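Enquirer: The structure under discussion is supplied below as structure tokens; questions concerning it will follow.
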Amino acid sequence: MGRGGATVLTPTLRHPTPEDAPGLARIEARAWEGAYAELLPASALAPLRDEEREHWWRRRIESSASQPRRFLTVACRDSALAGYVSFGETRQRDLEPGFAGEIYELYVDPDHQRQSVGKHLFDHALQALRNRGRFWCVLDVLRDNDGARAFYEAMGMQTDGRLRRRSAGTGRRSRTLQYRPPPGDVVVVRYEVPLHHLGV
């Protein structure tokens with residue numbers, strides 16, 4: 001059941017198309033501002049409202065076919081974009097290549113939060129990584145992002161408790177269309193979960 005006792009529809013998961021760019025830019029901006037307004041400097045959030053952000057997303061989607069190690073999936077409810085998840089090979093340098101996958105981003109539009117969208121995106125990413133032969137899934141969460149930490153712990157993830165510093169920001173466009181954070185860093189904790197317990 002959803003807010004107010006309404007029945008919650010199972011979201012539809014699919015690959016994004018270039019036409020999804022405006023919706024993804026909107027979800028990114030709203031989710032970041034809702035989660036990080038008090039945790040990140042304003043300079044890290046400002047690029048989200050840049051008029052070029054939709055074009056950035058369109059190029060990112062169009063380039064995804066040439067990036068076989070990174071994946072992007074969107075969730076829809078009633079034909080409206082509700083959230084997205086990106087995942088693939090881990091970027092954690094202390095983990096053996098081919099051993100672990102990583103969830104890079106998982107964001108749900110505030111209007112669709114607490115309606116199982118995030119859980120479906122999370123489960124999809126874990127199953128996809130398992131199907132690719134990965135044994136663990138890891139991700140970084142801001143140390144002070146209590147909401148995200150509670151969500152991932154409810155999903156069965158655990159952290160080793162170590163604090164790490166990571167660059168902060170939504171990034172600027174690069175030739176490879178990957179995130180390139182501006183100067184500055186934040187404190188994060190790494191969460192992880194084994195994938196061998198998932199059903200075949």
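The values are calculated or read from the model by the stated rules, or taken from the named source; none is laboratory data. Here the structure is a predicted model, which means the values were calculated and not measured. All Cβ positions, even for glycine, are placed from backbone atoms using ideal geometry, and neighbour counts span all protein chains on display.
Enquirer: Pairs under 7 Å by beta carbon, first residue touching a residue at least 60 places away in the same chain (Cβ under 8 Å) in the range 128-156, partner in a helix (DSSP H, G or I) and of a type in the set (G, A, S), six or more apart or different chains?
Expert: Close Cβ pairs satisfying both conditions: N145/A35; G147/A35; A148/A35.
Enquirer: Hey, another quick one. Can you confirm whether A125 is surrounded by 22 or more Cβ atoms within 10 Å (Cβ to Cβ) and in a helix (DSSP H, G or I)?
Expert: Yes: the conditions hold for A125.
Enquirer: I would also like to ask the following. Can you tell me which residue among A82, A100 is under 14 Å from the mean Cα position of the chain (by Cα) and buried (at least 16 other Cβ atoms within 10 Å of the Cβ)?
Expert: A82
Enquirer: May I ask you to verify whether S64 is within 17 Å of the chain's Cα centre (by Cα), modelled with pLDDT of 90 or more and polar (S, T, N, Q)?
Expert: Judged against the criteria, S64 is not a match.
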